Amino acid sequence: MNIILMAHSGVRWLILLVAVIAVVKFAIGWRRGSEFTSLDRGLSTGFSGLMDLQALLGLIVLFGLSSGGFPAYRLEHGVTMILAVIVGHLPARWKKAAPALRFRNSLLCIVGALLLVLAGIARLPGGFTR
């Protein structure tokens, strides 16, 4: 099970990398009035897919490694992260919208998901020092 915990810990960096690239790309696309390209769709889909993988790994850790029971911080972390995953999937709602609206909404959703992730990490003992 330790490998699952290590994977859960490592995937966060992939999420952060994709999120930073997506935020920059979506901000530039929104500002310039660009078309929403396949690269933009890939970034949005990649972000939500990595969030799904992270949630799955987190659930395995929560229910598979929960020898210490379910203390409040674990449940709070899990609920906050599930909310982050939901927000990370919201850009799919605007796939037929105008490009400017898609860029703006996708940008706001990714930033919102990242803020929820930060709040979820802060709930853990040790917070950001883990």
By residue number, the members of the stretch 45-62 that are of a type in the set (Ser, Thr, Tyr) and surrounded by 20 or more Cβ atoms within 10 Å (Cβ to Cβ) are SER48
Residue check, LEU75 surrounded by 13 or more Cβ atoms within 10 Å (Cβ to Cβ), out of contact with any Pro (no Cβ under 9 Å at 6 or more places or on another chain) and either on the phi < 0 side of the Ramachandran plot or β-branched (Val, Ile, Thr) (or both):
no
Within the stretch 1-115, which helices (runs of 4 or more DSSP H) (wholly inside it) include 2 or more residues that are among the small types (Gly, Ala, Ser) and touching an Asp or Glu at 6+ places or on another chain (Cβ under 9 Å)?
2-32
Search result, residues across the stretch 85-100 that are surrounded by 13 or more Cβ atoms within 10 Å (Cβ to Cβ) and in contact with a Lys or Arg (Cβ under 8 Å, 6 or more places away or on another chain)
PRO91, TRP94
Looking only at residues that are surrounded by 14 or more Cβ atoms within 10 Å (Cβ to Cβ) and either in contact with a Ser or Thr (Cβ under 6 Å, 6 or more places away or on another chain) or free of Cβ contacts under 8 Å to residues at least 60 places away in the same chain (or both) in the stretch 21-44, which one is farthest from LEU83 (Cα to Cα)?
LYS25
Just to be sure I understand, how many residues within the stretch 1-59 are more than 16 Å from GLY112 (Cα to Cα) and of a type in the set (Phe, Trp, Tyr)?
3
Just one of (1) more than 30 Å from PRO125 (Cβ to Cβ); (2) modelled with pLDDT under 95 trips up ALA98, so point out which.
(2)
Given the structure, is LEU83 aliphatic (A, V, I, L, M), more than 9 Å from the chain's Cα centre (by Cα) and closer than 23 Å to GLY29 by Cβ?
no
Scanning the stretch 116-130 for residues that are at pLDDT below 85 and not in a loop (DSSP other than H, G, I, E, B), the one surrounded by the fewest Cβ atoms within 10 Å (Cβ to Cβ) turns out to be THR129
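The values are calculated or read from the model by the stated rules, or taken from the named source; none is laboratory data. Given the structure is predicted, the values throughout are model-derived calculations rather than measurements. Cβ coordinates were reconstructed from backbone atoms using ideal geometry, including for glycine residues, and neighbour counts include every protein chain displayed.
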